Ligand SMILES: CC(C)(COP(=O)(O)OP(=O)(O)OC[C@H]1O[C@@H](n2cnc3c(N)ncnc32)[C@H](O)[C@@H]1OP(=O)(O)O)[C@@H](O)C(=O)NCCC(=O)NCCS
């Protein structure tokens with residue numbers, strides 16, 4: 001979508017701090033690695049469903065090369081003593097025509113401040129504006145925080161039962 005690479009909106013967190021919700025940039029590599037480095041193994045497992053120690057060059061390229069059409073990624077940038085830091089991010093990837101899979105990760109120290117909810121709100125608007133018909137997500141059943149965020153936006157569990165992973169869908173149209 002035209003102009004999405006320049007996307008930037010300032011939002012307020014629960015504790016009153018401001019956060020910039022902006023498009024992920026190819027230059028964010030170091031900041032993104034720093035954010036991953038500050039994220040607990042439990043959070044990484046909840047995002048990637050497997051113990052994740054590091055990321056290959058190929059994985060990093062995949063996460064950073066965003067076309068803002070089939071792959072849209074936003075980050076939440078926060079000011080830490082005058083220096084910008086990535087506190088979290090969310091992305092959707094089109095998996096079939098009209099349908100995209102969405103996922104988030106927020107650095108542990110910033111969880112519970114509303115960043116996940118804010119990222120979800122922005123991505124839902126972008127997905128709808130892009131003409132997508134539905135968003136899908138896979139969540140570990142113990143991941144109460146993520147399930148809560150998805151439920152707030154109207155995601156519904158799929159009929160197919162999988163005890164290991166909850167499959168959720170949000171109809172956009
Ligand atoms: C899931 C995640 C993205 C949510 O982001 P966040 O910034 O913490 O989310 P928010 O602050 O917007 O909201 C979290 C909600 O869950 C609630 N919550 C948090 N931990 C909880 C817990 N253990 N039990 C119940 N509710 C919980 C919060 O109170 C909040 O609900 P509220 O808005 O009604 O107060 C973040 O916790 C995270 O990155 N987790 C690890 C990675 C992950 O699970 N990714 C999801 C893969 S799809």
Conditions (1) within 27 Å of residue 96 (Cα to Cα); (2) at pLDDT 95 or above -> residue 42 fails only (1)
Which residue is surrounded by the most Cβ atoms within 10 Å (Cβ to Cβ), if the candidates are limited to region 142-159 and must be more than 11 Å from the ligand (Cβ to nearest atom) and outside any loop (DSSP other than H, G, I, E, B)?
157
Residue check, residue 88 against (1) touching a residue at least 24 places away in the same chain (Cβ under 8 Å); (2) farther than 22 Å from residue 127 by Cβ, all met but one. Which one?
(2)
Number of the condition not met by residue 50 [criteria: (1) surrounded by fewer than 13 Cβ atoms within 10 Å (Cβ to Cβ); (2) at pLDDT 95 or above; (3) under 23 Å from residue 168 (Cβ atoms)]
(2)
Report the residue count in region 124-141 for those that are part of a loop (DSSP other than H, G, I, E, B) and more than 8 Å from the ligand (Cβ to nearest atom).
5
Taking residue 65 as meeting all but one of (1) within 15 Å of the ligand (Cβ to nearest atom); (2) closer than 24 Å to residue 8 by Cβ, write down the number of the exception.
(1)
Only unsatisfied item for residue 83, checking (1) within 12 Å of the ligand (Cβ to nearest atom); (2) under 16 Å from residue 35 (Cβ atoms), is (1)
Given the conditions (1) in contact with a strand residue (DSSP E or B) (Cβ under 7 Å, 6 or more places away or on another chain); (2) farther than 28 Å from residue 34 by Cα; (3) within 15 Å of the ligand (Cβ to nearest atom); (4) not in a strand (DSSP E or B), and given that residue 164 satisfies all but one, which numbered condition is not satisfied?
(1)
Answer residue from region 8-39, given it is assigned to a loop (DSSP other than H, G, I, E, B) and over 15 Å from the mean Cα position of the chain (by Cα) and is surrounded by the fewest Cβ atoms within 10 Å (Cβ to Cβ) among those
16
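The values are calculated or read from the model by the stated rules, or taken from the named source; none is laboratory data. Not measured: the values here are computed from a predicted model. Counting neighbours? That spans all protein chains shown, and the Cβs are built from the backbone with ideal geometry, glycine included.
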